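The values are calculated or read from the model by the stated rules, or taken from the named source; none is laboratory data. Note that this is a predicted model, so its numbers are computed, not measured. Using ideal geometry, Cβ is built from the backbone for each residue, glycine included, and neighbour counts are taken over all protein chains shown. Surface accessibility is based on the protein's heavy atoms, side chains included, excluding ligands, DNA and RNA. Shrake-Rupley method; radii C 1.70, N 1.55, O 1.52, S 1.80 Å.
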Amino acid sequence: MKKLTILAFLLFILILLVYGMHLLAESTDPSIAAAAITASSTIIVSTLTVTIGRYFEKKKELEALHREQKIPIYGKFLDGLFSVFYNQKKGKNLDIVKFLQEWQQKIVLWGGPKVVNSYLAWKDELSEHEPNVETMKSTEELILAIREELGHENHDLVKELFPRFILREYKTYSKLTKKNPNLTLAELSEHENG
């Protein structure tokens, strides 16, 4: 809304200036009018260039500041997420409910729309059933949304990034999910250990 207001104001000023130049050209000597229009145009263009340049520079600075604030928040989330998988094998347990409650407060303040929506989809997926292939996909979508918000490109990354990171037997997982797209992580664990 603010951007539209600024654009409308600038457009209004530009129309007034063009109309004023038109009136000047009609009412005075053509050589004086041409000089006045040239001088006015130079001033207007240089003012607009500086103003627009400062706007984009300020916007970039603000994005960089937000990115720096988000890195520790997202880093803490990823630490907790990965520790759930790695520490379970070592017998250590993270208080997941407390961890997610703390993180949800931070995501409300700092998360962009794509991260918030990916987080909600991930949380819904976790609450619907036992962790399975879809859970892995929604976790990966959340991680990719976080990466994108921090300014990283994702288009050249391999598919199934998250399972490749956390699963000891990714190739086994890949083969089993082709046969059973509803494979649960418990079934995968049984297959790995059995």
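Things to note:
- When segment 139-170 is filtered for residues that are without any contact (Cβ under 8 Å) to a residue 40 or more places away in the chain, open to solvent by less than 60 Å² (accessible area, probe 1.4 Å) and either among the acidic types (D, E) or in contact with a helix residue (DSSP H, G or I) (Cβ under 6 Å, 6 or more places away or on another chain) (or both), the ones remaining, listed by number, are E140, L142, A145, N154, E160, L161, F162, P163, L167, Y170.
- G75 meets each of the listed conditions (1) open to solvent by 60 Å² or more (accessible area, probe 1.4 Å); (2) without any contact (Cβ under 8 Å) to a residue 60 or more places away in the chain; (3) under 30 Å from R147 (Cα atoms) apart from (1).
- Put simply, of L157, L126, L120 the only residue that is part of a loop (DSSP other than H, G, I, E, B), among the aliphatic types (A, V, I, L, M) and farther than 15 Å from K70 by Cβ is L157.
- Residue ID - surrounded by the fewest Cβ atoms within 10 Å (Cβ to Cβ), chosen from residues in segment 184-194 that are out of contact with any strand residue (DSSP E or B) (no Cβ under 6 Å at 6 or more places or on another chain) and in contact (Cβ under 8 Å) with a residue 40 or more places away in the chain: A186
- In this entry, I107 is excluded by the filter for residues that are open to solvent by less than 90 Å² (accessible area, probe 1.4 Å), in a helix (DSSP H, G or I) and in contact with a Lys or Arg (Cβ under 7 Å, 6 or more places away or on another chain).
- Every pair of residues 6+ apart whose Cβ atoms lie under 6 Å, when the first sits in segment 2-23 and is closer than 20 Å to S46 by Cβ while the second is surrounded by 12 or more Cβ atoms within 10 Å (Cβ to Cβ) and not small (G, A, S): M21/I37
- Scoring E128 on the criteria (1) touching a Gly at 6+ places or on another chain (Cβ under 6 Å); (2) open to solvent by 90 Å² or more (accessible area, probe 1.4 Å) leaves a single failure, condition (1).
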